[in-house]
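Each value in this text was obtained by applying a stated rule to the coordinates, not by laboratory testing. Predicted, not measured: the structure shown is a model, and the values here were computed from it. FYI the Cβ positions are ideal-geometry reconstructions off the backbone, even for glycines, and counts take in every protein chain you see.
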């Protein structure tokens with residue numbers, strides 16, 4: 001299975017969840033989202049940020065993925081001080097799908113709400129804008145994230161990025177990267 005197939009199958013699952021009102025909304029984040037805005041790069045996963053419905057719990061969403069789609073999930077345990085409280089992953093073919101929840105993660109909620117519809121692999125999907133992708137990439141800030149931020153900064157409105165970085169207490173980290 002190719003990354004395109006994994007992406008299409010994953011989007012179909014989350015579109016169905018949205019129709020069933022199990023989730024309120026979702027958006028593509030990570031390497032594939034980056035490809036919607038700048039020159040595509042190789043990635044090994046599909047990353048989504050998801051706002052779940054108030055009628056279910058995070059654990060319910062995980063159970064549905066496991067039972068309905070026969071997927072083994074890996075639940076990522078968060079430390080009490082971690083920004084991302086809810087995250088799990090599962091495999092789609094040879095590719096990992098990472099699902100990030102929005103509990104106590106206002107940046108992710110805002111990124112989903114302000115996401116733009118873009119075409120990725122001939123499929124229209126909400127994608128986090130370059131401004132929000134930069135902020136999301138500041139959180140783990142790997143070497144790849146630094147390179148991604150450099151590319152995204154050419155497409156982003158850096159005035160908006162700075163305002164958002166200040167709002168989310170990421171301005172110092174942002175300034176250290178974009179110098």
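For the chain, what is the mean residue ellipticity at 222 nm derived from helices alone (per DSSP H run of n ≥ 4: -39500 (n - 2.57); sum divided by total residues; nearest 500 deg cm²/dmol)? Please list the in-between numbers first.
Working: 8 runs with 81 residues, N = 179.
The helix-only estimate for the chain comes to -13500 deg cm²/dmol at 222 nm.
Hey, how much of the P(r) for the chain falls beyond 20 Å, as a percent of Cα pairs? All intermediate terms of the calculation are to be shown ahead of the outcome.
Numbers: 8163 of 15931 pairs.
Tail of P(r) above 20 Å: 51 percent of Cα pairs.
Quick one: give the max-minus-min coordinate of the C-alpha atoms of the stretch 130-179 along each principal axis, largest first, in Å.
Extents along the principal axes, in whole Å: 24, 20, 18.
Could you order the peptides 130-139, 170-179 from most to least packed, using the average number of other C-beta atoms within 10 Å per residue?
Details: 130-139: 24.4, 170-179: 14.1.
Ranked by mean Cβ neighbours within 10 Å, highest first: 130-139, 170-179.
Suppose we look only past 14 Å in the calculated P(r) of the stretch 91-175. What percent of the Cα-Cα pairs does that tail hold? It would help to have the intermediate numbers written out before the result.
Details: 2427 of 3570 pairs.
Beyond 14 Å sits 68 percent of the P(r) for the stretch 91-175.
Could you estimate the translational diffusion coefficient of the stretch 1-96 from the Stokes-Einstein equation, with Rh from the Kirkwood formula over C-alpha pairs, at 20 °C and 1.002 mPa s, in whole µm²/s?
150 µm²/s
Given the convex hull over the Cα atoms of the stretch 43-129, what projected area results after averaging over all orientations, in nm²?
That works out to 6.6 nm², a quarter of the Cα hull's surface.
Hey, in the GNM for the chain with a 10 angstrom Cα cutoff, which one of 159, 101, 31 fluctuates hardest?
In this elastic network of the chain, the residue with the biggest mean-square fluctuation among 159, 101, 31 is 159.
Quick check: the distance between the Cα centres of the stretch 103-179 and the stretch 53-96, to the nearest angstrom?
The stretch 103-179 and the stretch 53-96 have Cα centres separated by 23 Å.
Out of all DSSP beta bridges in the chain, what portion is antiparallel? Express it as a percent rounded to 5.
75 percent
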